[in-house]
Amino acid sequence: MRVALFATCVNDALYPSTAIATVKVLERLGVEVDFPAAQTCCGQPQYNTGYRRATEPLVRRMARAFEGYDHVVTPSGSCVAMVRDNYPRIGARAVAEGRGGEPADAAASLVPHVHELTEFLVDVLGVTDVGAYFPHTVTYHPSCHGLRVLGLRDRPRRLLEAVKGLELVELPGSEECCGFGGTFAVKNAAVSEAMGDDKIRNALSTDADVLCGADNSCLMHIGGMLRRQQAPQRALHLAEILASTEEEPLR
């Protein structure tokens, strides 16, 4: 099994510990992980802001970067959703508008191999207990892409429930958007902030030590609001919880 890590732009620039944690978890489970150096942005920022044709070169680059791997794993539901949900549309549109079939071929070669981390652990490896230890109270926020586009359902929760020492508490209004949405948070800042206020109010009501999620874009938004309010709760990616062990605990 040849597995490649797709780190993503956000993790590479701001949360490298999440990518490192992903590799630690996979290697603990006996998976050999490569990091193709040619990888770059999946094109989600361009696509979401209307620069659809500008995304086509990134589709081709992604396919070349991860060519030959059985699985491409990433700790980012939004980037997986971009690849699986939008790459085929980009390819079909290029064909329809007479720009050739290369983007469609690139999408077809890549899409079946791309997995969000919790999908890969539960569905491909058949694992829920990854040997993690995290003696804290945790509440889980499901991001919109993972919940509505990928249909992750209970996979993240099953992984968290198997972590030794972890107490999982229900987040009120868990399926409501946190308000980030990429450029939405920039163009509609007041609405984004109001939605974020609702999310952190619900999160703080749980008295959990940690608000956990599987997408750092959401956690950046939620965590930033928590820090500005000097709240006692912290936002943390699920991969970092799964990487924590009794021998090397995450503080």
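The values are calculated or read from the model by the stated rules, or taken from the named source; none is laboratory data. Remember, it's a predicted structure, so these values are computed and weren't measured experimentally. Positions of Cβ are generated from backbone atoms using ideal geometry, with glycine treated the same way; all protein chains shown enter the neighbour counts. Just the protein is used for accessible areas: all its heavy atoms, side chains included, with ligands, DNA and RNA removed. Shrake-Rupley method; radii C 1.70, N 1.55, O 1.52, S 1.80 Å.
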Among the residues of the range 34-49, are any of a type outside the set (D, E, K, R), without any contact (Cβ under 8 Å) to a residue 60 or more places away in the chain and part of a helix (DSSP H, G or I)?
yes
Taking the conditions exactly as written (part of a helix (DSSP H, G or I) and either of a type in the set (F, W, Y) or farther than 30 Å from R158 by Cβ (or both)), does G91 satisfy them or not?
yes
Log entry, pairs with first residue in the range 113-140 being in a loop (DSSP other than H, G, I, E, B), second being polar (S, T, N, Q) and buried (at least 16 other Cβ atoms within 10 Å of the Cβ), beta carbons closer than 7 Å, six or more apart or on different chains, reads G131/T245; A132/S244; A132/T245; F134/S244
Hey, does the range 9-29 have a residue that's loosely packed, with under 14 Cβ neighbours inside 10 Å, charged (D, E, K, R) and in a loop (DSSP other than H, G, I, E, B)?
no
Say whether the condition of being crowded, with 16+ Cβ neighbours inside 10 Å, modelled with pLDDT of 95 or more and among the hydroxyl-bearing types (S, T, Y) is met by at least one residue in the range 216-239.
no
Inspect the range 46-57 for any residue being of a type in the set (D, E, K, R), at pLDDT 95 or above and out of contact with any helix residue (DSSP H, G or I) (no Cβ under 7 Å at 6 or more places or on another chain) and give the result as yes or no.
no
Where the second residue is open to solvent by less than 10 Å² (accessible area, probe 1.4 Å) and not in a loop (DSSP other than H, G, I, E, B) and the first is of a type in the set (K, R) and lies in the range 231-248, which pairs have Cβ atoms under 9 Å and are six or more apart or on separate chains?
R234/V210; R234/L211; R234/G223; R234/L226
Scan the range 174-211 residue by residue and report those that are surrounded by 13 or more Cβ atoms within 10 Å (Cβ to Cβ) and either among the small types (G, A, S) or part of a strand (DSSP E or B) (or both).
S174, G179, G181, G182, A185, S192, G196, A203, S205, A208, V210, L211
